[in-house]
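Remarks on the structure that follows.
The values are calculated or read from the model by the stated rules, or taken from the named source; none is laboratory data. Note that the structure is predicted; figures quoted are calculated from it, not measured. Heads up, the Cβs are rebuilt from the backbone with ideal geometry, glycines too, and the neighbour counts pull from every protein chain shown. The accessibility values were calculated without ligands, DNA or RNA, using every heavy atom of the protein model including side chains. Shrake-Rupley method; radii C 1.70, N 1.55, O 1.52, S 1.80 Å.
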Amino acid sequence: MSTPWSLAVPSLFVIQGRNRGTRYDLTSHEGAMSIGRETGNFVQLDDNEVSRRHAEVRRVGELFVVGDLKSSNGTWLNNRKIERAELASGDQIQVGRTILVYSKDGEDGPTAGQVDIVAAANDGEGSRIVRTARDADAATAGEPLPDDTQNRWLARARSNLQVMYRTSLAVSHTLDIDDLLGRILQLVFEWIEADRGCIMLLDPESKQLRTKARRDRRVGQATSMAISRTILDYVLDRGEGVITSDAQDDDRFSGGHSVVRTGVREAICVPMQGRYGTVGVIYVDTTVPLGDAIEGGQRQFTDEHLKLLIAIGHQAALAVEDTTYYSAMVQSERLAAVGQTIATLSHHIKNILQGIRGGSYLVDMGLENDDLAVVRKGWDIVNRNQNKISSLVMDMLSFSKEREPDPVPSDLVALVTDIVETVEQRVAEIGATIGWSPPDDIPQLLFDPEALSRAILNVVTNAIDAVEERPNARVTIQVACDPVAQRVGVTVSDNGAGMTPETIAEIFNLFVSTKGARGTGLGLTVSRKILREHGGDIRVTSVLGEGSTFVLEFPLRTGDGGQTLLDPEPAPGTP
């Protein structure tokens with residue numbers, strides 16, 4: 001059965017015949033996949049020279065094998081009659097007048113750095129331009145030709161629509177230019193019977209073409225690829241796509257004979273025209289005799305190929321421009337963020353150093369006057385600012401480093417008790433009280449004690465700062481386990497000034513602080529990061545003039561690594 005166009009799956013793609021443009025996914029069917037004219041074949045072809053059951057494709061391990069089913073006209077693989085043969089990506093299977101290409105993404109992927117631009121010689125020979133087209137001409141791709149039948153036109157239109165649809169998908173699913181160009185070349189090779197192809201982009205500074213992607217129909221036979229400088233200059237200067245042949249009766253390329261010298265029978269070269277100019281070119285060529293590839297006398301590259309390749313080049317150019325712009329924007333934002341970070345941290349460090357300098361001055365003055373009270377006061381200032389800079393450094397490390405928590409069986413109540421003892425002096429200095437009644441029903445839990453201690457300490461410190469200079473200043477801490485919800489919660493409440501909904505929405509953003517010059521804007525950001533690393537989060541409620549409550553929640557797991565040992569209370573009437 002035919003399938004939507006897709007990447008990275010082994011497929012058969014009809015490139016010649018009435019069914020041109022149809023793709024068959026070889027992974028969608030089990031067993032033998034028959035090819036023939038009658039209904040019921042996996043690949044049903046509208047071709048009178050194809051037998052009712054002509055050939056079949058089977059999967060053998062990781063390989064696919066094609067075999068003839070005693071057909072009248074035989075099955076041909078790469079112009080060689082076969083009874084049975086393994087398939088390699090890029091192989092062409094001919095049955096009757098129909099040609100199918102076997103494609104398996106990744107076996108003949110794009111390569112770069114194997115393309116030479118050949119300068120023109122002065123011997124008067126030149127390559128003949130068969131056709132030229134501009135970007136506007138691509139809009140006529142798929143229009144009926146004068147001698148076209150309705151059925152053929154519909155088949156061509158369907159094929160063209162599929163090509164452009166897949167191109168749109170390719171350019172919209174990646175921001176990596178190398179990956180993008182590789183996908184574009186893959187699409188081109190599935191649609192055009194080219195032997196070689198490459199995409200070259202203009203260097204923004206030198207304005208020289210640089211090869212970014214290269215693809216060969218048969219990787220094992222890949223050779224150095226030479227492209228005419230004359231053709232490239234013509235396409236870039238005029239913004240036109242061209243089909244060229246090795247005839248010598250066109251004086252527009254009279255300055256060079258490089259197309260003839262490289263033995264290229266036909267080539268297509270189109271500009272990649274974006275919004276702001278030409279960003280590069282797409283080039284494909286064939287070196288095999290036309291009669292060996294398709295039915296006798298017909299040109300391998302047609303006007304339809306040229307127009308659609310121009311349209312593909314335009315889409316690829318837009319994607320290259322967008323990707324380049326996005327990369328520049330990301331780099332600009334990254335540099336701006338670095339600048340903001342340095343400026344913000346420098347400001348906080350400067351304030352801390354000023355505090356240390358002021359405390360040191362008091363210590364020196366107390367030592368000179370043998371005044372122990374002044375020394376003690378100065379040392380308290382120095383010690384407080386030392387703690388600030390230590391916390392700042394630890395928060396910076398916690399924020400910048402992606403880490404997995406290291407959970408070990410730990411006593412959450414003991415951890416919170418240590419935090420309370422750590423901040424008691426600070427609470428006493430501002431004339432506040434701290435409410436903490438250790439519960440006795442909390443078992444050992446599984447968490448990262450060092451990380452969680454920092455998260456809780458940051459929130460507790462913020463609460464203490466919030467109640468400074470408030471009447472009846474008080475901070476309350478509670479720990480509780482919810483066996484039903486399987487959660488542990490550490491609740492920190494204060495009776496400070498409270499916050500507006502707009503402020504709550506901003507407090508977890510980096511460098512946003514409600515404490516002015518006293519805050520770094522890192523504490524809550526780090527705390528939330530730690531809780532989320534534990535699979536939890538922080539909830540905030542606040543009322544202006546009444547205070548705020550922070551709830552730090554994380555999954556309830558006991559010290560043995562399992563779920564909680566606490567059972568929920570039985571429902572009334574349950575034994």
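Suppose we filter Val375, Val416 for residues that are touching a Leu at 6+ places or on another chain (Cβ under 8 Å), modelled with pLDDT of 85 or more, open to solvent by less than 60 Å² (accessible area, probe 1.4 Å) and part of a helix (DSSP H, G or I); which single one remains?
Answer to the selection: Val375.
What number of residues in the stretch 485-503 are surrounded by fewer than 15 Cβ atoms within 10 Å (Cβ to Cβ) and modelled with pLDDT of 85 or more?
Residues that pass the stated criteria total 4.
From the list Leu45, Leu77, pick out the single residue that is buried (at least 16 other Cβ atoms within 10 Å of the Cβ) and within 16 Å of Asp91 (Cα to Cα). Before you say what the answer is, go through the steps one by one.
Numbers: Leu45 fails: within 16 Å of Asp91 (Cα to Cα).
The unique qualifying residue is Leu77.
Using the structure shown, decide if Glu304 is outside any strand (DSSP E or B), at pLDDT below 90 and open to solvent by less than 30 Å² (accessible area, probe 1.4 Å).
So Glu304 passes the test.
Filter the stretch 438-460 for residues that are closer than 25 Å to Glu546 by Cβ and surrounded by fewer than 22 Cβ atoms within 10 Å (Cβ to Cβ) and give the result.
Leu457
When the residues of the stretch 8-44 are filtered to those that are charged (D, E, K, R) and touching a residue at least 12 places away in the same chain (Cβ under 8 Å), which remaining residue is farthest from Tyr102 (Cα to Cα)? If you could, list the steps in order and put the result at the bottom.
To start, the set of residues in the stretch 8-44 that are charged (D, E, K, R) comprises 18, 20, 23, 25, 30, 37-38.
With touching a residue at least 12 places away in the same chain (Cβ under 8 Å) added as a condition, the list becomes 18, 20, 23, 25, 37-38.
Details: Arg18: 18, Arg20: 14, Arg23: 10, Asp25: 10, Arg37: 19, Glu38: 22 Å.
Going through the qualifying residues, I end up with Glu38.
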